[in-house]
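The values are calculated or read from the model by the stated rules, or taken from the named source; none is laboratory data. Keep in mind it's a predicted model, so treat the numbers as computed, not measured. Counting neighbours? That spans all protein chains shown, and the Cβs are built from the backbone with ideal geometry, glycine included. All accessible areas refer to the heavy atoms of the entire protein, side chains included, with ligands and DNA or RNA removed. Shrake-Rupley method; radii C 1.70, N 1.55, O 1.52, S 1.80 Å.
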Amino acid sequence: MGNCGEACTACPYVLKGKAVKINKIERKVNCNTFNCIYMIQCSKDNCNKRYIGQTGRLLKFRIADHRGYIQNQVTSKATGAHWNQPGHSMADMKFTVLEQVKYNDRNYREERETYFINKFDTFYSGLNKEK
């Protein structure tokens, strides 16, 4: 994953390179990628909690949603609650695309999201508490 090349507010939160090797993504992905499954990881030492999500929109808009939950202290949202804990900050938040979904279909994206939630066990040991 890389930067979009624009002056973008989402790029500082994008995990660069191929840190998560699960699926071979054929094309380059960045914050302008859409119709995808993404992972947010806390880079704080001794934390490394993960959240799996999906979006049909550009990833940078979904990143903006999560940043808003944190900035506005929306603790009813998993990312807002986690990154508002003592010792955490938005700088500890990193995004990566796990899969660019073949079909632009919300139900299919949700199935793939559930697959990755199970694969990374983010329901029991991560931040995905709803599904």
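Structure above, values below:
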item	result
Accessible carbon and sulfur surface of the chain relative to its total accessible area, %, 1.4 Å	45 percent
Solvent-accessible area per residue, Å², over the chain with all protein chains present [probe radius 1.4 Å]	57 Å²
Quarter of the Cα convex hull surface for the range 52-107, i.e. its orientation-mean projected area (nm²)	4.3 nm²
Candidate values [x] 16.0, 61; [y] 14.2, 47; [z] 13.7, 40, label of the one derived for Rg and Dmax of the Cα atoms in Å	[z]
Cα centre as origin, Lys/Arg/Asp/Glu Cβ charges: the chain dipole, Debye	240 debye
GNM top mover of ASN72, ASN46, ASN118 - the chain, alpha-carbon springs below 10 Å	ASN46
Candidates LYS60, LYS94, LYS16: whichever shows maximal mean-square fluctuation once the chain is modelled as a Gaussian network with Cα springs under 10 Å	LYS16
Solvent accessible area, Å² - GLU6, 1.4 Å probe, full protein context	100 Å²
Residue (of ASN48, PRO86, PHE61) at the positive-pole extreme of the range 44-113, dipole from beta-carbon charges	PHE61
Across LYS49/LYS94; LYS28/LYS77; LYS49/LYS119; LYS49/LYS102; LYS16/LYS94; LYS77/LYS102, pairs whose alpha-carbon gap is larger than 18 Å	LYS28/LYS77; LYS49/LYS102; LYS77/LYS102
